[in-house]
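The values are calculated or read from the model by the stated rules, or taken from the named source; none is laboratory data. Computed from a predicted model, the values in this text were never measured in an experiment. Heads up, the Cβs are rebuilt from the backbone with ideal geometry, glycines too, and the neighbour counts pull from every protein chain shown.
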């Protein structure tokens, strides 16, 4: 049996955790630089506020309904996600974190009836609420796709209380009959439109198709989806999540950058993020890509990218920042209004399989990096940084509606007045 635990409007729900005054109010969360709406809580959805709409287009509508507006607080979301996943892990040894707000569980040797699975789902749901104050939906199914469908029912279909179980065809038929093909996991928008033209508009109709014929018309992926809807498991995950093959940190600026030092500070900060992520997944990089550009909509579009090779693979923050300083003169150009920049670690190697060079000294200083990570973890990211990153953040993205970083910044810890 598979189980999918998925948070409800995760970003918007996370904003309500430490601010009880907005828990019963409509809340929306904006993307980078406060550009578009990326999350809408259920109360805001009832007002007809659409996701993925530019903020300026619906600003008056939001103000009219007194909607609470928040900028993306990634530090808070990452911490709450980690806490949620920790709670979930207590209920099954075989856990696969699928995204920041959802995780699969696989119960290989458990055999329960619907009532028992339903009760177990409520235990998971209640524990997450008690320990994180995040609302979640829980879905069970004999395949990952059916678990996804059950989760869809738990959160969006009438008659369910946040938990749904698909244990047999009797459970599956009413749920799949109410699901559009576009709501089925693994069915993209393009394929869904084509299926609709063929008269296949619901998940149940899709499940009734011949898998071999579906493979001929579409792909082996769609064939597997049909099989999964019929309870035949075709999808799995590795017990150990595969490390990333490339790690990038990139972002648009809140305001255009024109001077050399500010661009260096922005790139150095991206380098520290990349280095931290390298160490987190126990990898080193052979090469570092550094790039910056103006906006494609500018009259004279400018973009430059340079790859810096290291003598030996590294995950050292200082060495990545030094590489940025080395290539920066070839990237910066006077008169350019820089709109975006970033740093990427490419050609990664695992620490487990890394072989040191007998004739090249290793200056990565892992103990220093371990100390750096511990201090920043305890006192908040950026507490200690390389000097080239600077202390001002005028290059940072716009977040005019940013809530406090309640769990990762000592200065933002909530105060309780008794």
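For this structure, a couple of remarks:
- Filter pass, residue 99 being farther than 30 Å from residue 401 by Cβ and surrounded by fewer than 16 Cβ atoms within 10 Å (Cβ to Cβ): no
- Criterion violated by residue 147 - all others in (1) touching a helix residue (DSSP H, G or I) at 6+ places or on another chain (Cβ under 7 Å); (2) at pLDDT 90 or above satisfied: (1)
- Screening residue 413 against (1) in contact (Cβ under 8 Å) with a residue 24 or more places away in the chain; (2) surrounded by fewer than 17 Cβ atoms within 10 Å (Cβ to Cβ); (3) closer than 30 Å to residue 55 by Cα leaves a single unmet condition, (1).
- Among the residues of segment 379-411, just one is assigned to a helix (DSSP H, G or I) and out of contact with any helix residue (DSSP H, G or I) (no Cβ under 9 Å at 6 or more places or on another chain), namely 411.
- Selected residue (only one of 273, 331 is more than 25 Å from the chain's Cα centre (by Cα), assigned by TED's automatic domain parsing to the domain that holds residue 258 and surrounded by 15 or more Cβ atoms within 10 Å (Cβ to Cβ)): 331
- Boolean, residue 35 is at positive phi and surrounded by fewer than 20 Cβ atoms within 10 Å (Cβ to Cβ): no
- Meets criteria (within 24 Å of residue 103 (Cα to Cα) and modelled with pLDDT of 90 or more) for residue 239: no
- Unique residue being touching a helix residue (DSSP H, G or I) at 6+ places or on another chain (Cβ under 8 Å), closer than 21 Å to residue 277 by Cα, crowded, with 19+ Cβ neighbours inside 10 Å and touching a residue at least 60 places away in the same chain (Cβ under 8 Å) when the list is 71, 81: 81
- Restricting 361, 366 to those that are more than 18 Å from residue 251 (Cα to Cα) and modelled with pLDDT of 80 or more reduces the list to 366.
- Complete set of residues in segment 140-157 that are free of Cβ contacts under 8 Å to residues at least 40 places away in the same chain and closer than 17 Å to residue 204 by Cβ: 152, 153, 156, 157
- Matching entry among 356, 323, 345 (being surrounded by 15 or more Cβ atoms within 10 Å (Cβ to Cβ) and more than 24 Å from the chain's Cα centre (by Cα)): 323
- Test: residue in segment 350-357 that is free of Cβ contacts under 8 Å to residues at least 12 places away in the same chain and either assigned to a strand (DSSP E or B) or not assigned by TED's automatic domain parsing to the domain that holds residue 18 (or both): yes
- Flag for residue 372 being touching a helix residue (DSSP H, G or I) at 6+ places or on another chain (Cβ under 8 Å) and assigned by TED's automatic domain parsing to the domain that holds residue 291: yes
- Residue check, residue 76 crowded, with 18+ Cβ neighbours inside 10 Å, touching a residue at least 60 places away in the same chain (Cβ under 8 Å) and in contact with a strand residue (DSSP E or B) (Cβ under 9 Å, 6 or more places away or on another chain): no
- Matching residues, segment 1-26, being in contact with a strand residue (DSSP E or B) (Cβ under 7 Å, 6 or more places away or on another chain) and farther than 26 Å from residue 149 by Cα: 15, 16, 22, 25, 26
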